[in-house]
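The values are calculated or read from the model by the stated rules, or taken from the named source; none is laboratory data. Quick caveat, the model's predicted, so the values are computed rather than measured. Every residue, glycine as well, gets a Cβ built from its backbone with ideal geometry; the counts of neighbours run over all protein chains shown. The protein model used for the area step is the full one, side chains on, heavy atoms only, and it has no ligands, DNA or RNA in it. Shrake-Rupley method; radii C 1.70, N 1.55, O 1.52, S 1.80 Å.
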Amino acid sequence: MTALVVQLVAADDDLARPLIADLAREYDARYGDFFGEPASTELSRYPASEFASPHGAFLLLLEDGRPVAGGAFKRYDATTAELKRVWTHPERRGRGLGRRVVAELEAEALRRGYSAIFLTTGPRQPEAVRLYLASGYTPRFDPTLPAADIGIHAFDKTLVTEGARA
């Protein structure tokens, strides 16, 4: 496997298009109009500028110049970034790329002055729930309940700088 390159891009950059297109396909396949509108509507809810510096970021992992994973964050409040659009190419799943994306986004959020992360995922994305739990996120819901009973799954995490871990 070729080394992965981390690249920050604009949310509407041509390199980001495969990520957005596959998320739209996947959201609609999993949820249809479960939320009263096509699930992919979520992808156009925020303008690209929400994911731009200094308050946001859109990050891709590139292999041979092509995106294989990525994600973004936007400002949630003055100290908290909100993760959005976390994605791994379907043929690259199960290789730890999602965890790498989350870790890279957390590091970038720290560099931008955030001290916490908030995020949500849906009830039909159990692999996302596993990813966030494995990445140290605290669920804001009772994880013993059935996913459908919970609805939107919210998580948060306090970010810790390298020096504070010692």
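Filtering region 107-118 down to residues that are not in a loop (DSSP other than H, G, I, E, B) and not hydrophobic (A, V, I, L, M, F, W, C), which residue is least open to solvent (accessible area, probe 1.4 Å)? Break it down into steps so the answer makes sense when it comes.
Taking region 107-118 first, the residues not in a loop (DSSP other than H, G, I, E, B) are 107-111, 116-118.
Now restrict to residues that are not hydrophobic (A, V, I, L, M, F, W, C): 108, 111.
Numbers: Glu108: 20, Arg111: 160 Å².
The residue in question is Glu108.
Identify, please: which residue in region 130-151 is open to solvent by 70 Å² or more (accessible area, probe 1.4 Å) and among the hydroxyl-bearing types (Ser, Thr, Tyr) and is, among those, nearest to the chain's Cα centre (by Cα)?
Taking the candidates together, the pick is Thr138.
Pick out the one residue from Tyr31, Tyr76 that is aromatic (Phe, Trp, Tyr) and in contact with a Lys or Arg (Cβ under 8 Å, 6 or more places away or on another chain).
Numbers: Tyr76 fails: in contact with a Lys or Arg (Cβ under 8 Å, 6 or more places away or on another chain).
Sole residue among the options that is aromatic (Phe, Trp, Tyr) and in contact with a Lys or Arg (Cβ under 8 Å, 6 or more places away or on another chain): Tyr31.
Can you report the number of residues in region 25-40 which are within 17 Å of the chain's Cα centre (by Cα) and modelled with pLDDT under 85?
2
In region 31-51, what residues are farther than 28 Å from Ala147 by Cα and open to solvent by 40 Å² or more (accessible area, probe 1.4 Å)? Explain how you work it out, then say what you get.
Kept after step one, since they are farther than 28 Å from Ala147 by Cα, are these residues of region 31-51: 47-51.
Within region 31-51, Pro47, Ser49, Glu50 qualify.
Tell me which residues, restricted to region 10-24, are within 16 Å of the chain's Cα centre (by Cα) and either at pLDDT below 90 or in a helix (DSSP H, G or I) (or both).
Ala16, Arg17, Pro18, Leu19, Ile20, Ala21, Asp22, Leu23, Ala24
State whether one or more residues within region 77-89 are open to solvent by 60 Å² or more (accessible area, probe 1.4 Å), at pLDDT below 95 and out of contact with any strand residue (DSSP E or B) (no Cβ under 7 Å at 6 or more places or on another chain).
Checked region 77-89: no residue is open to solvent by 60 Å² or more (accessible area, probe 1.4 Å), at pLDDT below 95 and out of contact with any strand residue (DSSP E or B) (no Cβ under 7 Å at 6 or more places or on another chain).
Tally the residues that are modelled with pLDDT of 85 or more and either under 21 Å from Asp64 (Cα atoms) or not small (Gly, Ala, Ser) (or both), restricting the search to region 42-51. Give the steps one after another, and end with the answer.
Taking region 42-51 first, the residues modelled with pLDDT of 85 or more are 44-51.
Then drop every residue that is not either under 21 Å from Asp64 (Cα atoms) or not small (Gly, Ala, Ser) (or both), which leaves 45-47, 50-51.
Final tally of qualifying residues: 5.
Take the residues of region 90-101 that are open to solvent by 10 Å² or more (accessible area, probe 1.4 Å) and in contact with a strand residue (DSSP E or B) (Cβ under 7 Å, 6 or more places away or on another chain): which is modelled with the lowest pLDDT?
Filtering region 90-101 for residues open to solvent by 10 Å² or more (accessible area, probe 1.4 Å) gives 90-100.
Still in the list and also in contact with a strand residue (DSSP E or B) (Cβ under 7 Å, 6 or more places away or on another chain): 92, 97-98, 100.
On the way: Arg92: 93, Leu97: 97, Gly98: 96, Arg100: 97.
Restricting to residues being open to solvent by 10 Å² or more (accessible area, probe 1.4 Å) and in contact with a strand residue (DSSP E or B) (Cβ under 7 Å, 6 or more places away or on another chain), the top hit is Arg92.
Any residue in region 4-13 that is among the β-branched types (Val, Ile, Thr) and open to solvent by 50 Å² or more (accessible area, probe 1.4 Å)?
As a first pass, look at region 4-13 and keep what is among the β-branched types (Val, Ile, Thr): 5-6, 9.
Okay, now just the ones that are also open to solvent by 50 Å² or more (accessible area, probe 1.4 Å), so 5-6.
Yes - at least one qualifying residue is present in region 4-13.
Among (1) assigned to a helix (DSSP H, G or I); (2) on the phi > 0 side of the Ramachandran plot, which single condition is Gly94 missing?
Going through the list (1) assigned to a helix (DSSP H, G or I); (2) on the phi > 0 side of the Ramachandran plot, Gly94 breaks only (1).
Just one of (1) closer than 20 Å to Ala10 by Cβ; (2) without any contact (Cβ under 8 Å) to a residue 12 or more places away in the chain trips up Pro146, so point out which.
(1)
Let me confirm something: among Glu127, Glu104, which residue is open to solvent by 50 Å² or more (accessible area, probe 1.4 Å) and assigned to a helix (DSSP H, G or I)?
On the way: Glu104 fails: open to solvent by 50 Å² or more (accessible area, probe 1.4 Å).
Only one candidate passes the filter, namely Glu127.
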